[in-house]
1. Calculate for the chain the 222 nm mean residue ellipticity that helices alone would give, adding -39,500 (n - 2.57) per DSSP H run of length 4 or more and normalising by residue count, nearest 500 deg cm²/dmol.
2. Taking θ as phi - 60°, what are the ³J(HN,Hα) couplings along segment 144-155 by the Karplus curve (6.51, -1.76, 1.60), each to the nearest whole Hz, with x for Gly and Pro?
3. Relative to the first principal axis of the alpha-carbon coordinates of the chain, what is the inclination of helix 285-294, with its axis defined by its Cα atoms, in degrees from 0 to 90 and to the nearest 10?
4. Near the amide H of Ile403, under 5 Å away, which other amide H atoms are found, from residues 5 or more places off or on another chain, if H is placed in the peptide plane?
5. Using a cut-off of under 19 Å, list every residue of segment 318-333 whose amide N is near the label point 7 Å from the Cα of Leu8 along the Cα-to-beta-carbon line.
6. Which residues among segment 149-193 fall inside the zone where the amide N is under 15 Å from a point 7 Å beyond the Cα of Ile213, along Cα→Cβ?
7. Using 1/(1 + (r/R0)^6) with R0 = 30 angstrom and r between the beta carbons of Lys457 and Gln294, what's the FRET efficiency to the nearest 0.05?
8. So which aspartates and glutamates pass the test for Lys67, namely a Cα distance under 20 Å, with those fewer than 8 places away in the same chain ruled out?
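The numbers here are math on the coordinates, done by the rules we state, and not lab data. Here the structure is a predicted model, which is why all the values come from computation and not from measurement. With ideal geometry, Cβ positions are generated from the backbone for all residues, glycine too; neighbour counts draw on all protein chains shown.
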Amino acid sequence: MKINAAVLKKRVAVAARREPADTVVKNGTIVNVFTGRMMEGDIAIVDGVIAGIGTYEGRETIDASGKIIVPGLIDGHVHIESSMLLPREFAKVVLPHGVTTVVTDPHEIANVAGADGIQYMLDDAEGLPLDAYVMLPSCVPATEFESNGATLNADQLAPFLSDPQVLGLAEVMDFPSVARGDDRMMDKLVTTQRHNGLIDGHAAGIGRDDLNIYMAAGIRTDHEGINSQEAQDRLDLGMYLMIREGTVAKDMEAMLPVITERNARRCVFVTDDKLPDDLIEEGSVDHIVRLAIQKGLDPIIAVQMVTINTAECFGLRHLGAIAAGYQADFLLLDDLNSLSIDQVYKKGQLVARDQKIIDAAFGSSQPTTSQRHPLPKLHVKGMTQDDLNLPVQSNECNVIEIIPNSLVTRHRVETVKVKDGLFISDTENDQLKLAVVERHKATGNIGLGIVKGFQLKEGAIATTIAHDSHNIVVVGTSDDAMMIAIQELQASNGGIVVVDSQDVRAVLPLPVAGLMSDRPYEEVYESLKGLNEAIARIGATTAFNPCLMLSFLTLPVIPELKLTDRGLFEFSSNSHIDVSVSPIKA
């Protein structure tokens, strides 16, 4: 509700007990995130806002006897597209897990559809019982070393900065452009700061001294730290430390020892990227809180890191606490240590109970966003199986090695199988062919490389989720299987497909920009289970999620070795390199 004199007078009247509250929550124990204390008191709510804590009466009473009351949880950095769900369905998944607010970066869909993609996400999130704040994509394209579907400059981003749901500029991942003062990057940073916007960082592989460059540029957060030293560096130099635990990147345990009572208020938990099955089965930031408590973090500090800390980080002064003047977003817990969630309230209204959404909270169905904002289709230049041939001048080759549950890869040099001058996938040594096929403008670009870690015994896995340019990426044991997978993606206008030695075994269509389904989350969940079963049947490792790992092998802003549609990319040299290393041995 927008504030005006009448609304404010009513709120003050309730606070002063001259008028009854709409709702009063009684008999619960409140977690005070300001002081770290547990306290008693009625919570008076009017027009979706807390008017006071003390002794109050209201038209409706919520009995919270035996319950712990904490603020609604906030995920401070998430890409909704990575859930493969539209915002409306995403909300239905995360609300039962206590997440009442997210700060999202739609750079996935922006790299496919540009400004239309951003507006698509804003429109679909409108009117939901979930606050979805947006940080505008800073790097579209992410780098100059790959081909994406759109370009966003400062002029195209500026109009969005007047939208109250837009908070600033999302993760700036093109560190070299910031460091050398690139005019286009400086325009985005300056435009954001002129609108009093915030700026998120992306300091993967960036040393302590270079963090000063980000800070000097007005960048105040980072979620790419992967160990305790990197965590300490970010805190020492004045950044908010975002500690990430998603489906692929699981950094919490390595960084947890750095958190102390003195610095904890500068730390927040985020998911970044999480698949729908993990969101449904594990949860969102609630899952991180549970893990952190199990590892020894004080429960109240853990709660602060997904409530008041995140709210303060993003200037959301009406969120993150249970206090007068704050939005009435709160959870009733059966137990604090296990964060056992009984009920979830948004603006004082019950939206979830017993891990189930309250259907009435979503109102009547709305027109699909796709009807209002048509998005680009797949455009792949005609190709044959021969286009997947990988010529090598050596049987010593540069190989991408996966590190389980990390976005970082290793750069290895290994002896590989070569026949008639072409690389041959080798399942015994777990050396498989990896291909990235440009799918936005039919350029015909195909990047080819070698990857280690999937452990496939047959077939192929392919997807149009390939961060951040989202071309087709496919890994396989044979060119036959890889080609079948590519053709299936073209027929589905994007998605994820699993092929055995000769047939499609599972497919999840993602027709919304090749990133998201237009189906209910329950259907996506069932399809994803079918994909996982098919992946297991072709022998993939269980040490990490193969689908999501595959989608990050195309991200050149993360060390050490990645593959784009233009070839094998080495992070340390910031350039493409040959697959071959040295002359073939006799």
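1. After summing the helix terms and dividing by the residues of the chain, the value is -7000 deg cm²/dmol.
2. With the stated coefficients, segment 144-155 comes to 8, 9, 8, 10, 10, x, 7, 10, 10, 10, 4, 5 Hz.
3. Rounded to the nearest ten degrees, it is 90.
4. Arg410
5. 318-319, 324-328
6. Hits in segment 149-193 for Ile213 at 15 Å: 172-186.
7. The calculated FRET efficiency here is 0.30.
8. Answer for Lys67, where 20 Å is the Cα cut-off: Glu40, Asp42, Glu57, Asp286, Asp298, Asp329, Asp334, Asp335, Asp342, Asp354, listed by chain and number.
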